[in-house]
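Asker: Take a look at this one; I'll ask things after.
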Amino acid sequence: MIRQLLEEIERSINANLFHVGLLAALTVPDIAGALDSEDGNADKTKYARWFDKYTAPSYYSYGEQLITGIDCYGYRCALLHQGRAMRRSSRYSKTVFLFAKQRNIAYCGAFKLDKGKTLAIDIPLFCHNMLRGAHTWLNEVEDTPRFRVNSTEFMKLFQLSFGS
């Protein structure tokens with residue numbers, strides 16, 4: 001079930017559905033943090049901890065962590081709840097999301113502009129980094145009792161058929 005969601009995020013990015021892919025990718029740390037927790041619930045701390053472990057290392061560039069779990073949680077909240085690129089309390093003055101790879105973009109998929117005030121994030125690479133982290137995490141936890149218990153409540157999709 002979770003693998004199907006990850007595949008659909010991948011397909012949305014490959015189909016250039018960048019809003020859909022980004023919105024869905026930003027939910028991955030919430031879902032993973034909940035599935036791998038004692039109480040089966042998501043929260044800011046679990047989100048940030050998961051992102052910092054599985055995705056943030058992709059955003060370490062020139063001795064600096066460009067995106068942390070707290071930063072990503074801010075993007076998640078701002079985008080999913082207000083349709084904004086970032087929270088007003090972000091450590092960057094502005095964040096821009098790019099959908100076409102720029103020649104000067106850093107290898108990690110994010111770079112600073114305006115003397116470090118603006119962060120530019122490559123959406124396809126961000127989503128792929130999130131998915132890579134999710135697959136690594138899933139391979140680590142899918143056979144644990146906690147994951148098995150929590151995943152029984154993961155949303156299932158059904159197709160109704162009334163005959164022809």
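The values are calculated or read from the model by the stated rules, or taken from the named source; none is laboratory data. Being a predicted model, the structure only gives us computed values, none of them experimental. Don't worry about glycine lacking a Cβ; one is built from the backbone with ideal geometry, like all the others, and counts go over all protein chains shown.
Asker: Any residue in the range 129-153 that's aliphatic (A, V, I, L, M): show its pairings with residues that are in a loop (DSSP other than H, G, I, E, B) at Cβ separation under 9 Å, as long as the two are six or more apart or on different chains.
Answerer: Within 9 Å, the pairs are Met130/Leu26; Met130/Thr55; Ala134/Thr55; Val141/Asp36; Val149/Gly40.
Asker: Oh, and also: From (1) in a helix (DSSP H, G or I); (2) in contact (Cβ under 8 Å) with a residue 12 or more places away in the chain, pick out the condition that doesn't hold for His81.
Answerer: Every listed condition holds for His81 apart from (2).
Asker: Still on this structure, please answer the following. Scan the range 20-41 and tell me whether some residue there is touching a strand residue (DSSP E or B) at 6+ places or on another chain (Cβ under 8 Å) and surrounded by 13 or more Cβ atoms within 10 Å (Cβ to Cβ).
Answerer: Yes, because at least one residue in the range 20-41 is touching a strand residue (DSSP E or B) at 6+ places or on another chain (Cβ under 8 Å) and surrounded by 13 or more Cβ atoms within 10 Å (Cβ to Cβ).
Asker: Here is a list of conditions, (1) part of a helix (DSSP H, G or I); (2) modelled with pLDDT under 95, and Gly40 meets all of them except one; can you say which number that is?
Answerer: (1)
Asker: Additional query: Please work out if Cys127 is modelled with pLDDT of 90 or more and not hydroxyl-bearing (Ser, Thr, Tyr).
Answerer: yes
Asker: Only one of (1) assigned to a strand (DSSP E or B); (2) modelled with pLDDT under 85 is not met by Gln159, so which one is it?
Answerer: Of (1) assigned to a strand (DSSP E or B); (2) modelled with pLDDT under 85, only one is false for Gln159: (1).
Asker: Then there is this: From the list Leu23, Leu80, which residue is modelled with pLDDT of 95 or more and not basic (Lys, Arg)?
Answerer: Leu23
Asker: For the range 43-78, enumerate the residues that are surrounded by 18 or more Cβ atoms within 10 Å (Cβ to Cβ) and either part of a strand (DSSP E or B) or touching an Asp or Glu at 6+ places or on another chain (Cβ under 6 Å) (or both).
Answerer: Listed by number, the residues that qualify are Tyr47, Gly69.
Asker: Let me ask something else about it. Just to be sure before I move on: is Leu138 at pLDDT 80 or above and over 22 Å from Ala48 (Cα atoms) in the structure I sent?
Answerer: Against the criterion (at pLDDT 80 or above and over 22 Å from Ala48 (Cα atoms)), Leu138 does not qualify.
Asker: Which one of Lys115, Lys101 is at pLDDT below 95, closer than 20 Å to Glu10 by Cβ and of a type outside the set (Phe, Trp, Tyr)?
Answerer: Criteria check complete, one pass: Lys101.
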